[in-house]
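The values are calculated or read from the model by the stated rules, or taken from the named source; none is laboratory data. What you see is a predicted model; the values in this text were computed from it and never measured. FYI the Cβ positions are ideal-geometry reconstructions off the backbone, even for glycines, and counts take in every protein chain you see.
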Amino acid sequence: MEKRVRKSEMSQKIILLGKRIEEIIKEKGLKTREVAHDADMDVENLRKYIKGKQEMKVSTMLKIVEALKIEVKDLF
C-alpha cells in the first residue's frame, strides 16, 4: 500500500502553530496524551497538529486552547 502524499506543502504558519502548542505543553509540564484527553481527541491527531502534518479546524483549536487553559491569543 502506497503512502499518501500531500498535494501541497503545509503552510509555515501551520507548522509554527503546532510548535507553539508543543511549547505551551512543555511550559506547563503537561503530557501530550493528557492534553489530548482533556481536549476529547485522539493523541495521534494532536501529535499530527503539533508536528505540522495536519491542519486543524477552528473548533479543534478551541478544544486544545481549553485543554491548555489558555486564551486563543496565547497561541499567536
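The table below lists the values:
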quantity	calculated
Positions within segment 44-72 being buried (at least 17 other Cβ atoms within 10 Å of the Cβ), touching a Phe, Trp or Tyr at 6+ places or on another chain (Cβ under 9 Å) and modelled with pLDDT under 95, in sequence order	Met56
Qualifying residue in segment 10-19 (condition: polar (S, T, N, Q) and surrounded by 14 or more Cβ atoms within 10 Å (Cβ to Cβ))	no
Near pairs, Cβ below 7 angstrom, 6+ apart or cross-chain, from segment 56-72 (part of a loop (DSSP other than H, G, I, E, B)) to any residue that is among the polar types (S, T, N, Q) and at pLDDT 95 or above	none
Pick from segment 21-55, criterion without any contact (Cβ under 8 Å) to a residue 40 or more places away in the chain and among the aliphatic types (A, V, I, L, M), ranking: farthest from Ser11 (Cα to Cα)	Leu30
